[in-house]
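Student: There's a structure below that I have some questions on.
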Amino acid sequence: MIKELKLTSRIALFGLVLFGFHCLCMAQTSAVQLTEMNLLYKGMNNPFRVAVDGVKQENIVVRTSKGLRLKQEDGNHYLFVNKHNNREELVYVGKVIKTDTTWLDSFRYRIRYLPNPTAQFGTLLNDGLPKDRIKILAQTEIIATMGQSFSYNLEYQVKAFKMIFAYADKPAIMMSSNSNKFTGQMLREMQKLNNRDRILIEGIRVVSSKHGFKANLSPIILTVRSDKAYSLRQNKELIYAKIRPDELSSDPIYTDNISSETLDTLQNELVDLVYKDEFGFKRLRNWYSNGTIIKKRYFNDDGKQLYALVKKEDGKWQYQERYDDGNIKVTCVVDDSVDYIGNTAILDCDDYISGHCYVGHSQAKECLRIVHQDLESAVHQIKYRYELNPIDEFKEYYPNGKIKTKGVLILGYNSGKDKMPNTDQVISKEYPYHFRLSKDISVMQGVWYFYNEDGTVSHTRLYEKGVRLK
């Protein structure tokens, strides 16, 4: 949209606007104040308008240097860059008084080629960060955009592209589309994407609907991020810390400069720790009181709070997770001094020593079911997603506030012992924790209740120190 500026002064003033680039000029002695880059693009009509205060339009004179040409189409005025031009060209503005022309000022414009647009996977920014699987599945097209900072409304249409599904555990698949839309085959294949799979979009051909410009755009590479972790022991890298993060003067302290004294000596402060894991970036906000952390909040890279912790006693924390509308989803206690095991079904599919869960495992589908699709998934995922260790009473709720799951976790054995005792009630084999651990473990104990959404009991399961009794 073209804007017109009119200024008042002792000497005639005028405003020149190109693509919304504003030039405020004050006669021969005026200074030029620019609020945007003063550019003219090759190969297209650059719209402009001149207004001189107190001077009728028919008495305004505009001239250009040799590299530019004035054009008028449909009542609008344009500057067109000639084939032979300099890096900078001039526009001169004056007024006619009787038969004489008085030149008021000149304006210098840099000449540039029009930049290519950037390809984008629907509404998802092409910024290299992992994208949530749910958000990926919500997209239906490839678009080409000049970005919000580009002042001119120049539209491009995607004419063709190729989509490559680069799976983490099976051969890649390539598909083609002759429009900007995903084909039905592409949409069906997208449903198979899991954590750490990638989508590559290449061969992206676009055309400007107005000017006819054609371009081949740089590829899009998306890494899929889902809520399905691949390990009980998530590898999380600290990127930087920020003390008093809400203050503008607070600078990040990067990993190389963080010593044990940096955080251990804090007394009453607010501190952000920013991590990177296999799902993207996370931010842990810690509240210090008298040198002790009393409260924590954990956020994803979209700024959504994932959980909250409040300090209890003896290394324990009250854990709380909420739905988007604020209703409570999960409450339990987590303990820094224990390792969560849960039950023997988890151990059957998870190599606890190496920390891998069902990757390359012969029972991968069964492990996927146990960890992410079973009735017990909510308690398992506190460990899988956040590296926290539930203990004591656990409760999960439906969005309507009704209880969904409840049960108790106890210590499975004392640290330093090699084996758990036999569980002769059902199975006559050694309890399968037959490796030495440095911490106590938490396991499911007693009756666990699983409810329907109306509050009625759906299932119950009975556990004896992590072993499910039949």
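The values are calculated or read from the model by the stated rules, or taken from the named source; none is laboratory data. Model, not experiment: these values are computed from the prediction. So basically every Cβ, Gly included, is an ideal-geometry build from the backbone, and we count neighbours across all protein chains shown.
Student: Residues to consider are Val50, Val32; find the one that is at pLDDT 50 or above and touching an Asp or Glu at 6+ places or on another chain (Cβ under 9 Å).
Tutor: So the residue among Val50, Val32 that is at pLDDT 50 or above and touching an Asp or Glu at 6+ places or on another chain (Cβ under 9 Å) is Val50.
Student: Being surrounded by 14 or more Cβ atoms within 10 Å (Cβ to Cβ) and at pLDDT below 95 narrows it down to one of Lys192, Lys214, Lys228, so name that one.
Tutor: Lys228
Student: Condition first: within 26 Å of Asp301 (Cβ to Cβ), among the small types (Gly, Ala, Ser) and exposed (fewer than 15 other Cβ atoms within 10 Å of the Cβ). Can you find one or more residues in region 153-169 that meet it?
Tutor: Yes; the residues of region 153-169 include at least one that is within 26 Å of Asp301 (Cβ to Cβ), among the small types (Gly, Ala, Ser) and exposed (fewer than 15 other Cβ atoms within 10 Å of the Cβ).
Student: Can you list the strands (runs of 3 or more DSSP E) lying wholly within region 236-345 that have 2 or more residues being in contact (Cβ under 8 Å) with a residue 60 or more places away in the chain and in contact with a strand residue (DSSP E or B) (Cβ under 8 Å, 6 or more places away or on another chain)?
Tutor: 280-289, 305-311, 316-322, 328-335, 338-342
Student: Within region 447-462, work out how many residues are out of contact with any Leu (no Cβ under 7 Å at 6 or more places or on another chain) and in a strand (DSSP E or B).
Tutor: Going through region 447-462 one residue at a time, the tally reaches 7.
Student: Right, another one. Residue under question is Met186, and the condition is that it be under 30 Å from Arg369 (Cα atoms), modelled with pLDDT of 90 or more and in contact with a helix residue (DSSP H, G or I) (Cβ under 9 Å, 6 or more places away or on another chain); does it hold?
Tutor: It is false that Met186 is under 30 Å from Arg369 (Cα atoms), modelled with pLDDT of 90 or more and in contact with a helix residue (DSSP H, G or I) (Cβ under 9 Å, 6 or more places away or on another chain).
Student: Does Ile199 qualify as being outside the structural domain of Arg369 (by TED's automatic domain parsing), in contact (Cβ under 8 Å) with a residue 40 or more places away in the chain, assigned to a strand (DSSP E or B) and within 11 Å of Leu222 (Cβ to Cβ)?
Tutor: yes
Student: Return yes or no: is Ile97 aliphatic (A, V, I, L, M) and surrounded by 14 or more Cβ atoms within 10 Å (Cβ to Cβ)?
Tutor: no
Student: So for region 401-409 (the condition being at pLDDT 65 or above, assigned by TED's automatic domain parsing to the domain that holds Asn343 and under 30 Å from the mean Cα position of the chain (by Cα)), does at least one residue qualify?
Tutor: So far as region 401-409 goes, yes, one or more of its residues are at pLDDT 65 or above, assigned by TED's automatic domain parsing to the domain that holds Asn343 and under 30 Å from the mean Cα position of the chain (by Cα).
Student: Consider Tyr92 carefully, then state whether it is more than 45 Å from the chain's Cα centre (by Cα), surrounded by 14 or more Cβ atoms within 10 Å (Cβ to Cβ) and assigned to a strand (DSSP E or B).
Tutor: In short, yes.
Student: On to the next question. Just the residues that are at pLDDT 90 or above and either surrounded by 13 or more Cβ atoms within 10 Å (Cβ to Cβ) or in contact with a Ser or Thr (Cβ under 8 Å, 6 or more places away or on another chain) (or both), please, taken from region 324-365.
Tutor: Ile328, Lys329, Val330, Thr331, Cys332, Val333, Val334, Asp335
Student: Right, another one. Collect the residues in region 110-141 that are closer than 16 Å to Lys214 by Cα and either among the hydrophobic types (A, V, I, L, M, F, W, C) or in contact with a Lys or Arg (Cβ under 7 Å, 6 or more places away or on another chain) (or both), keeping them in residue-number order.
Tutor: Tyr113, Leu114, Ala119, listed by residue number.
Student: Of everything in region 41-89, what is among the acidic types (Asp, Glu) and either on the phi > 0 side of the Ramachandran plot or part of a strand (DSSP E or B) (or both)? Give them in sequence order. Quick ask: steps written out before the conclusion?
Tutor: Of region 41-89, the ones among the acidic types (Asp, Glu) are 53, 58, 73-74, 88-89.
Selection gives Glu73, Asp74, Glu88, Glu89.
Student: In this structure, does Lys282 turn out to be of a type in the set (Lys, Arg), modelled with pLDDT under 85, within 24 Å of the chain's Cα centre (by Cα) and not assigned by TED's automatic domain parsing to the domain that holds Pro130? Show your work before the answer.
Tutor: Values: of a type in the set (Lys, Arg): yes; modelled with pLDDT under 85: no; within 24 Å of the chain's Cα centre (by Cα): yes; not assigned by TED's automatic domain parsing to the domain that holds Pro130: yes.
The answer is no for Lys282.
Student: Next question. Any residue in region 56-78 that's assigned by TED's automatic domain parsing to the domain that holds Ile97 and without any contact (Cβ under 8 Å) to a residue 12 or more places away in the chain: show its pairings with residues that are among the aromatic types (Phe, Trp, Tyr) and in a strand (DSSP E or B) at Cβ separation under 9 Å, as long as the two are six or more apart or on different chains.
Tutor: Leu70/Tyr78; Leu70/Phe80; Gln72/Tyr78
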